[in-house]
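Bear in mind these aren't lab numbers, they're just calculated from the coordinates by the rules spelled out. As the structure is a prediction and not an experimental result, all values here were calculated from the model. Because the Cβ atoms are built from the backbone with ideal geometry, glycine has one as well, and the counts that use them run over all protein chains shown.
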Amino acid sequence: MKKDPQKVRNIGISAHIDAGKTTLTERILYYTDRIHAIHDVKGKDGVGATMDFMELEKERGITITSAATYCEWNGHEINIIDTPGHVDFTIEVERALRVLDGGVLVLCSVGGVQSQSITVDRQMARYKVPCIAFVNKCDRSGANPFKVVEQLKEKLHHNAVAMQIPIGLENDFKGVVDLIKMKAVYFEGQQGEKLRYDEIPAELKEEAEQRREELIDAASMFSEELMEAALEGEIPEQLLIDAIRIGTLKRELTPVFMGSAYKNKGVQPLLDAVTWYLPHPGEVENIALDLDNDEKEVVLKPDPEAPLVSLAFKLEEGRYGQLTYIRVYQGTLRKGDFIVNSRTGKKVKVGRVVRMHANQMEDIEEIPAGYIGALFGIDCASGDTFTSPGIRYSMTSMHVPEPVISLAIVPEDNKSQQNMSKALSRFAKEDPTFRVRVDHETGDTIISGMGELHLEVYIERMKREYNAIVHTGAPQVAYRETITQKADFNYTHKKQTGGAGQYGRVAGYMEPFDGEFEFVNKIVGGAIPTEFISSVEKGFRSALDKGLLLGFPVTGIRVVINDGQAHSVDSSDTAFQAAARGAFKEGFKKAKPAILEPIMKVAVETPSEFQGAVMGTLNQRRGMILGAQDEGDTCVIEAEVPLSEMFGYSTDLRSITQGKAQFTMEFSCYRQVPKAIADELVKKAQEKNKKAA
Amino acid sequence: MKVSEKRKKNCSPSCCTDRDNVVYLRERSIAMLKKDLILRNPLRILGTEDKEPLKEGEFGAVLAKAGVGKTAFLVQLALSNLLRERNVLHVSLTQPVRKVCLWYEEVFHNISTEYDLKNTSELWDTILPHRFIMTFNVDDFSVAKLEERLNDLTEQGIFFPQLVIIDGLPISDESRESLAELKILAREMGFPIWYAITVRPDDALEPGQVPSSVESLADLFEVLIGLKAVKGKINVMVLKGQRNEDAGDVFLDPATLLIKNRE
């Protein structure tokens, strides 16, 4: 492995679903000699693109797992993380962005900046990832790359500037004009592998001059030298590139490239751009928390000789055991080294070290600072930090959203039962937004995740990869329960039925609270002995797991205890826990309990003629429409809709818009369920309980 | 007298029910918050604490040079209406929905901080259903298009605006026709419209005087309010319409862009 960190690029390719990022990655791998034949996402050859290695991805034409891969271009080593485009898999995108230094935002020249691009852009901004944009599909009918550049400015507020102009569009798309070299670039050979530079076609000269002016104007904001050179009229190529690089690294300039990955056009200049404009690991500041020093922030040095700090950002259970994708931020991770998991304090020996190329791998000896690789046989969870012995650093924790939807699953037979358990434990380890639990009352296995599609994909994966056939129940929304007013409680738990008795009295009040839960002890004079206070708190906490309305967790509650009573013989930890549970029940019923439901932020992108109809469907689903953004032929409707009403929405939307609209949704907040619906839910829950009894 | 009876006696009937004799503290506190905020109505300069300064089909406008605080003023005007549970349609021709939402969140946050309000998230949830944002590209905007969109909303019973705000409509001598069409629409649908108008840099804004930028259109507007930056403050003045002398000097705090009275 070469070790020039300045020639390393860790990049992610993010985009809206179907913008063509997997095809683009496939072409990149082809031109960098990592693969020797091109397969398309929904290819006729039945092989599928190299990055979409899961069966399911190949079938649906979508990328689910962000497989890491490695390639070389012009002496640079590029690690690429292919990221999923659907919002349900956002945790994958977020994780990928956490370990990347730069991003390529792929946009469709017809669809432009779509709702998912906005989500991805927000995520890039959160992790301060500098990016360049690639306007793909310039060969499609209706292609308008400059409209996309405008949308980047208007919708995403990027200082977007075109680096190329297309030569012809739609069916006539032939190549691009490079505005730095001021040359036309044509992509020849069977797979577009031969680049031919030529004079700019006469009809494009004027436009090219004008766009170059714009580019120089934008870039000169970052370099006085360039500004002076521009005034003198003589601009060296490297000076312009350097200025654009400065702007890009500051996230104040977004260079936009154009092409058609499918038609093998514009990929090589994009690769050049990755090496020219995106940062190397040394240019990105990474911060760890020193666990031995009150979580003080420490800036990591991308020095291969410094103590090791690395982050396990993705796990995969393969045929040969657990594969852990790891990014090294500082020091070097060598085969045979001992490393420490900061979370558990466990010391482990590094066995096999590999470099991943989609689902193939190559063995390597070490992973130096700034590189991404994978380890075999390391038992850890996603997001764990590994360091050299002697230091205890943790990389900043990753933002993990709570799941909002659950599904009961039942295996078809005994064999499926065993395989299902294996699959579930692997999925839960790989994906922190995917949770598994067993409902003790019904005995059902419940899986929870970020959306319908998220869970559907796991069900499919169970079937395909583990041969576990499961039946699913109706999706269940993760409701919460809360109280809406203050209420007193005064409960005595007394049990004297032979043997040691149980006695404990707990009194106080509960009230609404802005956080999850707070326990306040205001006991004076030892009404409840100090040793039992923690028992009381434990009792209240355990009661929170199951509200009295629907049996969902209770949040937003403050419990204050101010009185109680103990018995010198009969009081115990168990007695006070039981008393607290009783007190909770008593108070909760009086405190006007309410049900909270997850509300999703929904954005529907539709042709304008269906605007009214789409708003109608959202309204019928108890949606609150926040606004409608008119964009000429299309419009975007933003709304907040209860998750429980969103099941099957994609089918409805397709049928009323002739399949021309699309939508994305993400969790927004929890909000109180209207009374009539809450009553209905409680009634159903009671009926279910009766049946179970 | 029992404590609960005493409580009941001291609060408004809307927050108690006879059914269970329970005092709903949350509802009461939201009601108080609303009352508090309504009293700080940005239009008190017009003497309209309890009634609207504009009737159905009438026009009002906030005039200022670019960047002085027209949108912030209108958002405060909208918020004071939303708190009274009046439906506000905010039409922006220059900003996307997300950005308009941010304006509301920002102004609401500033108000909450300024007056040290608690429980604001609940209050926010109660006012949100009364707001609807529509954005258009300024070049694509037409009264016919707005009317079509409004019909989409009203015919399906989704939203019935009681006040409309139009931000970003370029106003010039040629605007008379479209303003006249808007006036008809406002009359037919029964709401007043407030506009944000950017005046020319050389236009003088003086109390009681209509600036030359809108002179030829002044007859279409019942109320004109000017915002003028003077010595680190933004003065709010009535250019056309009845001024409430009791309101004293009203200005925008340049830091928060909130409307305040001079101490």
* To do: Could you tell me the number of lysine pairs in region A:481-591 with C-alpha atoms less than 16 Å from each other, where the two lysines are 8 or more residues apart or belong to different chains?
  => 8
* Run the quick spin-label model on residue A:186 and residue B:32: label points 7 Å from Cα toward the beta carbon, then report their separation in nm to one decimal. => 7.9
* Between region A:363-388 and region A:570-642, how many Å separate their Cα centres? -> 40
* Kindly express, to the nearest 10 degrees and within the range 0 to 90, the angle between helix A:611-620's C-alpha long axis and the longest C-alpha principal axis of chain A. => 20
* To do: Using a 10 Å cut-off on Cβ atoms, rank the peptides A:196-206, A:335-345, B:126-136, B:98-108 from the highest mean neighbour count down.
  => B:126-136, B:98-108, A:335-345, A:196-206
* DSSP-loop chymotrypsin sites (Phe, Trp or Tyr not before Pro) across region A:274-322, with at most 14 other Cβ within 10 angstrom -> A:320
* Asked: Name the trypsin sites (Lys or Arg not before Pro) in region A:512-615 that are in a loop by DSSP and that have at most 10 other C-beta atoms within 10 Å, would you?
  -> A:522
* Hey, what angle do you get for helix A:145-154 against the long axis of chain A, alpha-carbon based, 0 to 90 degrees rounded to 10? -> 40
* Distance from the Cα centre of region B:203-239 to that of region A:298-353, in angstrom? -> 66
* To do: Taking chain A as the reference, fit the longest principal axis to its C-alpha atoms, fit the long axis of helix A:21-31 to the helix C-alpha atoms, and give the angle between the two in degrees, 0 to 90, nearest 10.
  => 50
* Structure fact -> Of the candidates A:453, A:408, A:166, the farthest towards the positive dipole end of chain A (Lys/Arg Cβ +1, Asp/Glu Cβ -1, centred on the Cα centre) is A:408
* Structure fact -> In the protein assembly as shown the DSSP beta bridges are antiparallel at a rate, in percent to nearest 5, of 70
* Using a/c under 1.5 as the rounded threshold, could you call region A:109-245 rounded, prolate or oblate? The axes a ≥ b ≥ c are square roots of the C-alpha gyration tensor eigenvalues, and prolate needs a/b larger than b/c, oblate otherwise. => oblate
* Structure fact -> The simple spin-label model distance between residue B:216 and residue A:228, using points 7 Å out along Cα→Cβ, in nm, is 5.1
* **Which listed pairs, of A:153/A:660; B:34/B:65; B:70/B:240, have C-alpha distances above 28 Å, in listed order** => B:34/B:65
* Asked: When the C-alpha atoms of region A:436-595 are aligned to their principal axes, what extent does each axis show, in angstrom, from largest down?
  -> 63, 39, 22
* Structure fact -> Shielding of A:629-641 by other chains, given as the mean Cβ count within 10 Å, works out to 4
* Structure fact -> Burial-style ranking of A:669-677, A:7-15, A:170-178, average other-beta-carbon count within 10 Å with highest first, yields A:7-15, A:170-178, A:669-677
* DSSP-defined beta bridges in region B:22-261 - what % are antiparallel, rounded to 5 -> 35
* Label-point separation (nm) for residue B:114 and residue A:650, each offset 7 Å from Cα along Cα-to-Cβ? -> 4.6
* GluC sites (Glu not before Pro) lying in DSSP loop within region A:208-248, provided at most 16 other Cβ fall within 10 Å -> A:234
* Structure fact -> In terms of the charge dipole of chain A, which places +1 on Lys and Arg and -1 on Asp and Glu at the beta carbon, the residue among A:81, A:227, A:270 farthest towards the positive end is A:81
* Structure fact -> If A:382, B:142 are placed from fewest to most neighbouring beta carbons inside 10 Å, the sequence is B:142, A:382
* Asked: Once you sort the root eigenvalues of the Cα gyration tensor of region A:404-486 as a ≥ b ≥ c, which label holds: rounded (a/c under 1.5), prolate (a/b larger than b/c) or oblate (the other case)?
  -> prolate
* What FRET efficiency, computed as 1/(1 + (r/R0)^6) with R0 = 41 Å and r the Cβ-Cβ distance, is obtained for residue A:633 and residue A:546, rounded to the nearest 0.05? -> 0.20
* Asked: Quick one: which of A:159-166, A:559-566 comes out on top by average Cβ neighbours within 10 Å, and what's the full order, highest first?
  -> A:159-166, A:559-566
* May I ask you to compute the full-extension gain from residue A:381 to residue A:421, defined as 0.36 nm times their residue separation minus their alpha-carbon distance, rounded to one decimal in nm? => 12.6 nm
* To do: When a/c is below 1.5 the answer is rounded, else prolate if a/b is larger than b/c, else oblate, so apply that to the protein assembly as shown with a ≥ b ≥ c taken from the square roots of the Cα gyration tensor eigenvalues.
  => oblate
* **MRE, 222 nm, helices only [DSSP H, n ≥ 4, -39500 (n - 2.57), over the protein assembly as shown, to nearest 500]** => -9500 deg cm²/dmol
